[in-house]
Every structure is written in structure tokens, then in C-alpha cells.
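Beneath this line is the structure, given in C-alpha cells, with notes to follow.
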């Protein structure tokens, strides 16, 4: 019978999986910080969808070689996302404990160059970076048409490499054809930086934002 759903497997012994990110060793040893998730998840077609690694290991990505503990793939086999760490947070293991397993990563774009702790990187299927999510309480400076903006959570990009959106770390003055405002989202999504409250068009102009003064007056 043809498989019609994605599925996964738990491993109990060491195996090596050959992928576009290199030879990966899926999780086979339980640890206190190990999340309960499949060692390998597959698409219904049989292609690898994700790999939860037994140890943090260096993987090959279109942007370079980086450490990862969890990786996902497009159905084509191209790398989709990688997460430098992916431990289970609890009352005994918090974000600062998890950060000790992480290492700073250096990235360079036309609008920013930095070294910071990251939570994850998302790629277009073409291999271009789609978004970069910062580790909690990490900040980077991003150059925009509105000046340099201190950024939290992270930022996203158009496929051609231009800045698409970011999450301001502080109320930030922006100027549009409708006037001057303070952009800041007190309810920002902190899970990932795929979509952010301050968004720019392909020409660099602001196309959407959250006005903190309007939010505070609601």
C-alpha cells in the first residue's frame, strides 16, 4: 500500500545518514535534555524531512559550515533549516544552560555583518538565506533606509539577498509618506524571524510596521 503520510523513526543504535548537509548521525542515545522527537522524519515519498542529531555536529550549508543539532530538508533534499541547539528546556535546564551548548556564528550580508548566538537559519530552496533567528537576548545592528536599527528576534530576506523584515529591539523612529512613527511590537513573535513587524519593500522603503504609540493608546 502506498504511504500517504509523513512518518518518522526512533533509532537505538548508531547509523549514518547521507544528506545534502553531509553525513549525519541521528539521535540514538537518550539524555536529560533530549526532546521527544523522531531521530529521522521522512516525507511520504521517502525523502528525509528532518534529522535530530545525536550530538551537535558541523554540517554543510549553502552559507558555510556550521554546528547543528537539528536540521530539516525540502522534499528535493535541499537544506531547509538548521538549529545550532535543540535541547528540552525545563525547570532544571533553562535558556542560559542551553546557551552553553551553543557557539557564536558569524554571518555577513549587504546590510549587516555580525557574530552572535543563533536559534536557527532558514534557507530558500535555492540555497539563499530566508531568515535568521537570534538566540533570546541577542541583538544585532541592521542598516536600513531608516538608519541603523538595533534588532532582536532576527530578520528575514528576499531571495535576492535584500532585507525584507526585522524586529526592532527598541521603539524606533521611522519616517513614511504619512508621517513619523515609532515602530515596535510589544507582542512580537519570538519563535522565529520568518515574519517580523517592520517590513521593507524590495526598494528598501517601509511597507508595514507596528506603531507602539497606537498600541499603547488602545
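Couple of notes before you dig in:
- Pick from segment 160-186, criterion closer than 16 Å to residue 136 by Cα and out of contact with any helix residue (DSSP H, G or I) (no Cβ under 8 Å at 6 or more places or on another chain), ranking: surrounded by the most Cβ atoms within 10 Å (Cβ to Cβ): 166
- Test: residue in segment 117-134 that is crowded, with 16+ Cβ neighbours inside 10 Å, touching a helix residue (DSSP H, G or I) at 6+ places or on another chain (Cβ under 8 Å), closer than 23 Å to residue 99 by Cα and modelled with pLDDT of 95 or more: yes
- Taken over segment 125-145, the residue count meeting the criterion of being in contact with a strand residue (DSSP E or B) (Cβ under 6 Å, 6 or more places away or on another chain) and not in a strand (DSSP E or B) is 3.
- Test set (1) in contact (Cβ under 8 Å) with a residue 60 or more places away in the chain; (2) within 18 Å of the chain's Cα centre (by Cα) - residue 50 fails condition number: (1)
- Among (1) under 23 Å from the mean Cα position of the chain (by Cα); (2) assigned to a loop (DSSP other than H, G, I, E, B); (3) exposed (fewer than 13 other Cβ atoms within 10 Å of the Cβ) - the single one residue 148 does not satisfy: (2)
- Cross-chain or 6+ apart pairs with Cβ under 7 Å, segment 15-39 first and in a strand (DSSP E or B), then loosely packed, with under 11 Cβ neighbours inside 10 Å: 23/16
- Condition met for residue 73 (in contact (Cβ under 8 Å) with a residue 60 or more places away in the chain, crowded, with 18+ Cβ neighbours inside 10 Å and in contact with a strand residue (DSSP E or B) (Cβ under 7 Å, 6 or more places away or on another chain)): no
- Filtered by the rule that a residue be closer than 22 Å to residue 29 by Cα, in a strand (DSSP E or B) and under 15 Å from the mean Cα position of the chain (by Cα), segment 53-93 gives 67, 68, 69, 70, 71, 72, 82, 83.
- Residue check for residue 67: in contact with a strand residue (DSSP E or B) (Cβ under 7 Å, 6 or more places away or on another chain) and either buried (at least 18 other Cβ atoms within 10 Å of the Cβ) or modelled with pLDDT of 95 or more (or both): yes
The values are calculated or read from the model by the stated rules, or taken from the named source; none is laboratory data. Here the structure is a predicted model, which means the values were calculated and not measured. FYI the Cβ positions are ideal-geometry reconstructions off the backbone, even for glycines, and counts take in every protein chain you see.
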